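Structure, as structure tokens:
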Amino acid sequence: MEFVIAFVSFMVWPLLAGLLVTLVLEHLILRQMDSAPVVFWRRSWSAQLAHVGYWCASWALCTLITQRPWFSVVVVNALWLVVLQVSHTKYVSLREPFLSQDFEYFTDAIKHPRLYIPFFGIGLTIAALCAGALAIGTGLWLEPALGFSARYADDTSAWLVPLIALLLASGAMTYALGNRLTRDIMLFPEYDLRERGMVAYLLAYARLARRPLMPDHDPLQAAGQTAREALEAIGNEAAPGCLPHVVSVQSESFFDARRVYPKVRDDLLPNLDRCHFTALSQGLPCGRLAVPAWGANTVRTETAFLTGLTAEQLGVHMFNPYHQLARRDVSNLAASYKALGYRTLCIHPYPGTFYLRNQVLKRMGFDEFLDIAHFSDADRCGQYISDAAVAAKVEDCLLAAGDTPLFIQVITMENHGPLHLETLDTARLSEWHDGDLPDNCQELGIYLRHLVNADAMIGQLTTALSRLPRGGLLCFYGDHVPIMPEVYATLGEPNGVTDGFIWSSALPESDDTARQTMAAVRDEDPELMEWALDCDGPFKTDEQCRKGDPRVTNIDTLGSALLEATARHARHSAATQKFRSLS
């Protein structure tokens, strides 16, 4: 009887008390979402058992290590609270709760603190670390270890065996529930979390993430085949000289703020307006762009552009595709351009190991990856390498290309948050915004300054491509809207749609221009002339273009459109050369 009482005192009461605390903490945090969570007793039996199994296994493991049952209750629930609070912070900033794939960000926060800790709160982070250290020290001091207590000192098995048995049983039960939980998952994080609870939700997503990415078809195949057929039709000798350089820019946090905030000056982005106007008249995609990321998670947009894979094809891997792409070959834009005879490189002014880009880009077939090591501190604008420095690097690569066409994928960093760590240039605010900003909207002014720099990058690149003998294509798009919670609370929130375009230095800007330019080719080579006239876009005015085209392009189709535009550009260049030879 004495053993039973001792066993209950050291094991049962901490287990029950700690389990109750986990449920209370979870309910208090999750109820702050837009929809209240389903209470524990109304969840599925598998979700209930998963939560109980998690708590028992976590507590047993911690108690085995510390030999302090009540101290373990505090430690495990403190870690539980961290996950819940991080999930809430992410939900507020990014409209998405914490995911099982996000656990790696805890180590990333140590490697790249500027990217993460300011959003959680620097003061809150320091306070949490200090409170955690104080709690650990106090707990170790107040509660004696089981192995040294008078009750268990002579019989270690009295506490060791039950703990090991509990750990093994609860761990095995939780693991076994993984497959059962995946059957009910909808892959809508907020809904799944609300219905299943944090433990079942994270466990199911983690189990799904172990399944390999196996796309059922190649989204870029048709566009790549069209490009190859166009080059074959031009001729093996003429085709290489007709291929344009291709530069695609994934601009950090770029969207046309004039669509949402009417006091932003109409003339803020003249180069974007000009390229929108030209793209519309050339029949190329431009305007609003639907992307799979909101506020962060750049690689989701990056993957959609480079592979053409939709969220449905990616499944659970839509949340962090590079985990799979670092280990598996998937058809992609770089490989498609290499097949056409291009040299491929990527420029990203940040450490190449971040998001495993150094592994993913190599597997995709990029010939070279220029990361932050190829820039200096003098290239910075604000917290990161400037768009101007990145554009200059692109120019250097284009000039050094010789007779080889280049495909360059650019991933910028200048406009990456947290914006509140920068200082607003009030002297220049009138250049970007009509009137003063509200007191809590200084981030908008900082953001507009970076938008202007991104727009200048567009001008810098289009000028450089226009001057090259083979000409070029520029694909420019925003990966997601920026994180500006106070601005959104005061002035309104964007819908998450960004902006982008494909621009050609050679394609005619209207049907009439094309017909006039290519008329002399008709008798000499009618088929080539027809290809060159492939320009079905409406001719619009600058004013119509500046206000935005109502159509929305999906980012997963933009890569195919770029390949098709490359074929059109090459056909037009071949026809132009034929015209000049006839003249």
Pair list, Cβ under 9 Å, 6 or more apart: the range 48-77 residue assigned to a helix (DSSP H, G or I), other residue acidic (D, E): H51/E26; T66/E143; P69/E143; W70/E143; F71/E143
The lone exception for D436 - which of (1) closer than 16 Å to L269 by Cβ; (2) without any contact (Cβ under 8 Å) to a residue 60 or more places away in the chain it fails: (1)
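Sort through A304, A293 and tell me the only one that's part of a helix (DSSP H, G or I) and under 23 Å from H348 (Cβ atoms).
On the way: A293 fails: part of a helix (DSSP H, G or I).
It is A304.
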Residue count, the range 310-353 (criterion: farther than 23 Å from H217 by Cα and open to solvent by less than 20 Å² (accessible area, probe 1.4 Å)): 8
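Check S93, S87 and return the single one that is buried (at least 20 other Cβ atoms within 10 Å of the Cβ), closer than 25 Å to N495 by Cα and among the polar types (S, T, N, Q).
S87
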The range 322-364, subset assigned to a helix (DSSP H, G or I) and among the hydroxyl-bearing types (S, T, Y), residue modelled with the lowest pLDDT: Y355
Options A128, A165; residue that is buried (at least 16 other Cβ atoms within 10 Å of the Cβ), modelled with pLDDT under 90 and of a type in the set (G, A, S): A128
Residues satisfying the stated conditions in the range 247-263, i.e. crowded, with 20+ Cβ neighbours inside 10 Å and β-branched (V, I, T): V247, V249
Test: residue in the range 182-194 that is open to solvent by less than 10 Å² (accessible area, probe 1.4 Å), at pLDDT 95 or above and over 30 Å from Y342 (Cβ atoms): yes
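The values are calculated or read from the model by the stated rules, or taken from the named source; none is laboratory data. Keep in mind that this is a model prediction, so the values were computed, not measured. Ideal geometry is used to build each Cβ from the backbone, glycine not excepted, and the neighbour counts take in all protein chains shown. Surface accessibility is based on the protein's heavy atoms, side chains included, excluding ligands, DNA and RNA. Shrake-Rupley method; radii C 1.70, N 1.55, O 1.52, S 1.80 Å.
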